[in-house]
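The values are calculated or read from the model by the stated rules, or taken from the named source; none is laboratory data. Computed from a prediction, not measured in an experiment: that's the story for all the values here. Note that each Cβ is placed from the backbone with ideal geometry, even for glycine, and that neighbours are counted across all protein chains shown.
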Amino acid sequence: MNSQDDLKAWAGETTLGRRIFNYNFRMFGQEVKGWVVLKAVTMHEDRALTEKTYLWQSKEAPDRQMIRVNVAELADWRAAQKHLQEMLGQCMRPDLPRGTGKLAELGDIEFVARAPLSDIPAAIHFARGNIAVSVNSVGQVAIDVSDIAGTVDQLLSESPARVPSLRALAKTEAPKTIQVRGKEGASLVKDLKKFRDLWLKVIVPDGELRRKGDALVYVSPEAGKKAVQIFSIRPRARTTSARK
């Protein structure tokens with residue numbers, strides 16, 4: 001069995017990712033110590049898919065160490081895993097192995113490409129919730145990309161209170177609880193476009209989240225009152241020094 005093609009097997013492994021949704025995810029440039037964002041470009045944007053590319057440059061060796069992070073935002077975790085499958089199909093090495101050790105904890109599903117001479121993880125592809133991510137070493141020297149991949153996964157999956165770079169930028173949004181009627185689904189955010197200038201992160205205790213049109217729908221296996229977490233994250237304000 002080729003695990004890259006087995007979406008059913010991936011679905012069986014997916015737990016946390018079903019309960020997380022990120023809308024308008026973005027990286028601000030201060031998330032990775034010793035690195036800066038050289039360029040951030042939106043490659044594609046429509047109702048079904050938004051793709052952004054971030055080019056990170058090492059402060060220590062800017063001419064030699066660079067990492068490209070591709071982020072694809074889709075309607076739900078199933079669509080993200082399907083997109084990951086398509087990304088893997090375009091790789092030079094279509095038989096990429098799964099991660100081992102700590103790398104196996106990245107995302108809901110992960111694949112790792114190692115540099116042939118050094119055996120370091122020079123490319124990591126994973127899906128977390130409704131986001132598919134590709135992290136690649138693209139500088140003159142192949143470097144380990146696992147730290148940046150781990151940072152991206154943390155940004156996607158954890159509450160802003162647990163992410164130092166986001167604490168001061170996040171605001172809790174209503175509602176904090178919602179009454180759900182089992183598999184019928186409940187509209188948790190009725191109009192995502194209201195947050196188009198922000199990054200919205202949603203975490204629910206069970207079931208799954210999916211985007212339908214401009215609404216974010218929460219489907220729970222059991223009816224009842226549920227505690228939910230909704231955060232809006234605002235870009236860090238730029239500061240300028242006053243002229244004397």
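When the stretch 20-39 is examined, which residues are found to be hydrophobic (A, V, I, L, M, F, W, C) and crowded, with 16+ Cβ neighbours inside 10 Å?
Correct list: Ile20, Phe21, Phe25, Met27, Phe28, Val32, Trp35, Val37.
For the structure I just gave you, tell me whether Phe126 is more than 14 Å from the chain's Cα centre (by Cα) and either buried (at least 20 other Cβ atoms within 10 Å of the Cβ) or not in a loop (DSSP other than H, G, I, E, B) (or both).
It is false that Phe126 is more than 14 Å from the chain's Cα centre (by Cα) and either buried (at least 20 other Cβ atoms within 10 Å of the Cβ) or not in a loop (DSSP other than H, G, I, E, B) (or both).
Could you say which residue among Leu155, Leu200 is surrounded by 11 or more Cβ atoms within 10 Å (Cβ to Cβ), at pLDDT 95 or above, under 15 Å from the mean Cα position of the chain (by Cα) and in the same structural domain as Leu106 (by the TED database)? Don't jump to the end; show me each part of the working.
Working: Leu200 fails: in the same structural domain as Leu106 (by the TED database).
Within the list Leu155, Leu200, the selection yields Leu155.
Cβ contacts < 9 Å: first residue touching a residue at least 60 places away in the same chain (Cβ under 8 Å), restricted to the stretch 220-233; second residue hydroxyl-bearing (Ser, Thr, Tyr) and not in a strand (DSSP E or B), any location; separation 6+ or different chain. Result?
These pairs meet every condition: Gln229/Ser159; Phe231/Ser159.
What's the number of the condition Leu155 fails, among (1) within 30 Å of Gln90 (Cα to Cα); (2) touching a strand residue (DSSP E or B) at 6+ places or on another chain (Cβ under 8 Å)?
(2)
Tell me the residue from Ile109, Ile20, Ile67 that is in contact (Cβ under 8 Å) with a residue 24 or more places away in the chain, among the β-branched types (Val, Ile, Thr) and closer than 19 Å to Ser137 by Cβ, please.
Ile67
Exactly one of these conditions fails for Gln140: (1) in the same structural domain as Ala75 (by the TED database); (2) buried (at least 17 other Cβ atoms within 10 Å of the Cβ); (3) touching a residue at least 60 places away in the same chain (Cβ under 8 Å). Give me its number.
Looking at each condition in turn, Gln140 falls short on (2).
For Gly34, work out the one condition from (1) at negative phi; (2) over 16 Å from the mean Cα position of the chain (by Cα) it doesn't fulfil.
(1)
Condition (residue is in the same structural domain as Ala48 (by the TED database) and in contact with a His (Cβ under 8 Å, 6 or more places away or on another chain)) applied to the stretch 122-129: is it met by at least one residue?
yes
Among the residues of the stretch 44-61, write down those that are more than 20 Å from Arg210 (Cβ to Cβ) and either touching a Gly at 6+ places or on another chain (Cβ under 9 Å) or of a type in the set (Asp, Glu) (or both).
Correct list: Tyr54, Trp56, Gln57, Ser58, Lys59, Glu60, Ala61.
Let me confirm something: among Leu117, Leu74, Leu49, Leu38, which residue is touching a residue at least 40 places away in the same chain (Cβ under 8 Å) and aliphatic (A, V, I, L, M)?
None of the other options fit; the residue is Leu74.
Anything in the stretch 143-152 that is crowded, with 19+ Cβ neighbours inside 10 Å and farther than 15 Å from Ala127 by Cα? List them, or say none.
Selection gives Ile143, Val145.
Does the stretch 61-79 contain at least one residue that is farther than 24 Å from Asp108 by Cα and not in a loop (DSSP other than H, G, I, E, B)?
So far as the stretch 61-79 goes, yes, one or more of its residues are farther than 24 Å from Asp108 by Cα and not in a loop (DSSP other than H, G, I, E, B).
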